[in-house]
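Notes follow once the structure below has been shown.
Nothing in this text is a laboratory measurement; each read-out follows from the coordinates by a stated rule. Note that the coordinates shown come from a computational prediction; the quantities given were computed from them, not determined experimentally. When we count neighbours, we look across all protein chains shown, and the Cβ atoms used for this are built from the backbone with ideal geometry, even at glycine.
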Amino acid sequence: MEPIMQVENLTKQYPGFKLDHVSFSIPQGTIMGLIGENGAGKSTVINAALDLIHKDEGTVKFLGRELSSDPKRIKENIGVVFDEINFYGTLTPAKIGNISAAAYRQWDESVYKNHLKKLQLPPHKEIKTFSKGMKMKLSLAVALSHKPKLLILDEATSGLDPVMRDDFLDLFLDFVQDESHSILMSSHISTDLEKVADYITFIHKGKILFCKPKDELLYHYGIIRCGTAQFGAISKPEILAYRKRDYQWDVLVADKEKARRKYKASVVDNASIDDILLLYVKGDQVK
Amino acid sequence: MKSLVLKDLYNIGHNVKSMVFILLVFACIFIPSLGAEAYIIMSGVLCSMMVSTTFGFDSNSKWTKYAMVTPITKKELVGSKFAVLLIFSAGGAVSGLVIGSIGGILTHKVIVGNIRDVLTLLLTGLLSLVIAEIIGGTSIPLLFQFVAEKARMSTFVSFAIPFAVFFGIYAILTLLGVSFSDNLIFMLICLSPLTALVWNLVMYRISYAVFEKKELLY
């Protein structure tokens, strides 16, 4: 099946930062988590993919077509939620519905009203009186009401409390139940991605370090905790990243079961997405 | 385009009461001193400047970036600002005409039933719309370039540019020996909507060129 979004060699240079030949694709019916530290290039990827900034190089295709080939039709099928609501505070959800209905051909007023009801958003109250969580719920309701095939979320859950984030994650999982819907979710909250993502793309200093199924990371990746002598005995090609702490070495490996069998004197822990991120960002790679 | 205009009208809706209040205060101050005609022009220009307020709202809510992920083209976004300007300018000219006429009658500066007075007011209303369109239209590319943070500077420049251009043309024509008779002035006023149309077409192209190059990070 054709990927819903395919990014190839996406490059964008700013003074002091380069998004460097980024490539990944999102299969239909999946959630792709885009993870990386602040300033790693997550938002630049999204901005360039949506033609909000000019690309220096590379292509981004949505269901096989570049956005510039038919922007109006393609954008009908993309719902976007940024990290804050983009409507002025004196508007109400009802007025935002009218504005959005005029913008989208696929807009479904009944879907929108259902979302407002489900998310307990008063339709005639000015949004400046809403909490951050309510505003983000409203952004999501708007994004879902024109029946997009792809939802792009740029740090949409950051700044929300855990309960609210959990509600959001449930909505995302509902959205991808239909096998043709997909989500690109940029976040630095790795626990959210651990809960819902099917794939993790890890971006660091503008480069993709890996793009892998989440289960492969969680079930196969491990961290060897060992002393200096044991670290020296670890086969170097097996080391993805390592970090020296006071009296201990943390070594990221791609096959924890193999490591457990091979290095019996060392402790091999499971690796969370956070652990992997930290080791790649703060640790070193074997040259 | 409809969604963009609707958004601006909803946003500006909150400012309508204060704008009506300002127009009434100005009517009390300027109709007795400067006359109904000056007030009508002032009303059109004042209302046209509300277009800069809409840029302020957009900047505040980072609307423009969001608008570009919806099925709205850059051309439509730029065009919508000129459509909104036309609505504001027409509203200002018409309300100026109505309030100015009533004020003129109350201050005995306009005589009811005097065809010449009525015609003067109607022509002033048309001129108000034209001036508002030209000044407001000049502010749009500046607002796209500098956004809301330099709105005051944009407002000043949007007055200065048309004044300099039209005064320059007037000076050249005078040097060439053209004399501005009442008939010529009447003809120029009748042709002025065409001037405003051409002026704003140029401003639209400049605005689009400015906006096309912009990177929408915010």
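Miscellaneous remarks
- Axial C-alpha extent at least 20 Å, average Kyte-Doolittle at least 0.0 - helices from chain B (DSSP): B:16-34, B:74-106, B:115-146, B:151-175, B:182-213
- Kirkwood hydrodynamic radius of the protein assembly as shown, from the reciprocal of the average inverse Cα-Cα distance over all distinct pairs: 26.5 Å.
- Peptide A:50-56 is shielded by partner chain Cβ atoms: per residue, an average of 4 of them sit within 10 Å of its Cβ.
- Helix-only CD estimate at 222 nm, as mean residue ellipticity for chain A, using -39500 (n - 2.57) per DSSP H run (n ≥ 4): -9500 deg cm²/dmol
- Taken residue by residue and averaged, Cβ atoms of other chains lying within 10 Å of the Cβ of A:103-110 number 2.
- Relative compactness, chain A, computed as alpha-carbon Rg over 2.2 N^0.38 Å: 1.12
- Residue-averaged beta-carbon neighbours from other chains (10 angstrom radius) around B:14-20: 1
- Taking the average, over residues, of other Cβ atoms within 10 Å as the packing measure, peptides A:262-271, A:186-195, A:135-144 rank A:135-144, A:186-195, A:262-271 from highest down.
- Shape call, region B:94-175: gyration tensor on alpha carbons, a/c limit 1.5: oblate
- When chain B is treated as a GNM with alpha-carbon contacts under 10 Å, the residue of B:Met187, B:Met42, B:Met19 showing the greatest mean-square fluctuation is B:Met187.
- The equivalent ellipsoid of region A:61-190 has semi-axes of 22, 19, 13 Å, largest first, where each one is the square root of 5 times an eigenvalue of the Cα gyration tensor.
- By average C-beta atoms within 10 angstrom, highest first, the peptides B:173-179, B:91-97: B:91-97, B:173-179
- Ranked packing of B:159-167, A:50-58, most packed first, by mean Cβ within 10 Å: A:50-58, B:159-167
- Overall form of region A:1-142 per C-alpha gyration tensor (a/c, 1.5; a/b vs b/c): prolate
- Prolate/oblate/rounded call for region A:184-225, Cα gyration tensor, a/c under 1.5 rounded: oblate
- Relative counts (whole %) of C-alpha pair distances in region A:43-117, using bins that are 10 Å wide: 15, 41, 32, 12, 1
- Set A:Lys236/A:Lys262; A:Lys72/A:Lys113; A:Lys42/A:Lys132; A:Lys42/A:Lys207 screened for pairs whose C-alpha atoms are more than 20 Å apart: A:Lys72/A:Lys113; A:Lys42/A:Lys132
- With Cα atoms, 0 to 90° folded angle of helix A:109-118 axis to chain A main axis: 60 degrees
- Every Cα-Cα pair of region B:2-213 was included, and the share exceeding 23 Å stands at 50 percent.
- For chain A, the longest principal axis of the alpha carbon atoms and the long axis of helix A:93-103 meet at an angle near 90°.
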